[in-house]
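Quick note: the coordinates plus some simple rules give every number you see, no bench work behind them. The structure displayed is predicted, hence computed values, not measured ones. Heads up, the Cβs are rebuilt from the backbone with ideal geometry, glycines too, and the neighbour counts pull from every protein chain shown.
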Amino acid sequence: MARTVWDSTVGKKTVMAVSGLIMLLYLVVHMIGNLKIFFGAGEFNHYAHWLRTVGEPFMHYEWTLWLVRVVLVAAVVAHAVSAYQLSRRDIKARPSKYVHKKPRASYATRTMRWGGIILGLFIVWHILDLTTGTVHPGFETGRPYQNVVDTFSTWYGNVIYIVAMLALGLHVRHGFWSAAQTLGAGSRTRDRALKTVANVLALLLTAGFIAVPVAVMTGVVS
């Protein structure tokens, strides 16, 4: 039964929608946590430490954080695999390209594939930069505030992050709308509200995430 659902186009779109909403929820929480950097090093470092102690003493140190990571990895993989397979299925169904004088789809719709690739590469870089410190020469374990400031004190750190967050905004704008339609939330009376929510979410997430590197560049956070 599960295999039959997964093999269907509707099943893959549902997996994409649910996994996308899981990631969206994480992004909202992650953005709020990032904004704590505006309250100073002590507040931000305390928040980073709290993430590792959530659930204690019932949960061991970092167990909750690792549980969240496992769910996120599963969501990312399910989302990416579904997107790839749906794309291949669509190409096979329409082997010849349509020719239009003007593109009918929105910019966000036409760049969903490349946006997903950009975000996938960014996730890898972001982990190596601020979690493991592998590509971060000045990385200091236990000093997340200083590591963030150090990253956004470099031109390449800002360029990579801001480009990725712009791609994220476009991805969320179209993805939220698509997920709502797939899960049956769309209707003539709700479509306008759903589009508004999609636009607001995309704008808030983009602005919220970009606020941090901009604050470091302008000296508001140092």
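Say each of Val54 and Leu67 gets a label point 7 Å from the Cα, pointing the same way as Cα to Cβ; how far apart are those two points in nm?
Placing both labels 7 Å along Cα→Cβ, they lie 1.0 nm apart.
Using the crude model of +1 on Lys and Arg Cβ and -1 on Asp and Glu Cβ, and no other charge, please compute the dipole size for the chain relative to its Cα centre, in debye to 20.
My answer is approximately 1640 debye.
How much net charge surrounds Val200 when only the other residues with a Cβ under 14 Å from the Cβ of Val200 are counted, with Lys and Arg +1 and Asp and Glu -1?
+3
Hey, what did the chain get for relative contact order, percent, Cα under 8 Å, at least 6 apart?
28
Going by how many other Cβ atoms sit within 10 Å of their own, how do Arg52, Arg88 line up, fewest first?
Placing the least packed residue first, the sequence is Arg88, Arg52.
Determine ³J(HN,Hα), in whole Hz, for all residues of segment 188-193 in sequence, where each value follows from phi through the Karplus function 6.51 cos²θ - 1.76 cosθ + 1.60 and θ = phi - 60°; x replaces Gly and Pro.
Karplus-based 3J(HN,Hα) across segment 188-193 equals 4, 7, 9, 4, 5, 5 Hz.
Can you give me the C-alpha center-to-center distance between segment 135-192 and segment 45-90, rounded to a whole angstrom?
Here the two parts' Cα centres lie 15 Å apart.
Output wanted: per-residue J couplings in Hz (rounded whole) for segment 113-127, from phi through Karplus 6.51 cos²θ - 1.76 cosθ + 1.60, θ = phi - 60°, x for Gly and Pro.
5, 5, x, x, 5, 4, 5, x, 5, 5, 4, 4, 5, 4, 5
For the chain, max minus min Cα coordinate along each principal axis, in Å, sorted largest first?
So the extents along the principal axes, rounded to whole Å, are 54, 46, 37.
Which order results if Ser187, Ser82 are arranged by neighbouring Cβ count within 10 Å, fewest first?
Ranked by crowding around the Cβ, least crowded first: Ser187, Ser82.
Given the options His171, His126, His46, which has the most mean-square fluctuation in a GNM of the chain, springs set between C-alpha atoms less than 10 angstrom apart?
His46
Roughly what would the spin-label model give for Val163 and Thr111, points 7 Å off Cα along C-beta, in nm?
So the label points at Val163 and Thr111 sit 1.2 nm apart.
Could you list the square roots of 5 times each eigenvalue of the Cα gyration tensor of segment 154-222, that is, the equivalent ellipsoid semi-axes, sorted largest first and rounded to whole Å?
32, 12, 6
Per residue of segment 176-185, what does 6.51 cos²θ - 1.76 cosθ + 1.60 with θ = phi - 60° give for ³J(HN,Hα)? Whole Hz please, x for Gly and Pro, Karplus curve as stated.
Each residue of segment 176-185 in turn: 4, 4, 5, 5, 4, 5, 4, 8, x, 7 Hz.
Can you find, among Met165, Phe38, Ser87, the residue sitting farthest towards the positive end of the charge dipole of the chain, where Lys and Arg contribute +1 and Asp and Glu -1 at Cβ?
Toward the positive end, the furthest listed residue is Ser87.
By counting other Cβ atoms within 10 Å of each Cβ, how are Val216, Val70 ranked from fewest to most?
Result, fewest neighbours first: Val70, Val216.
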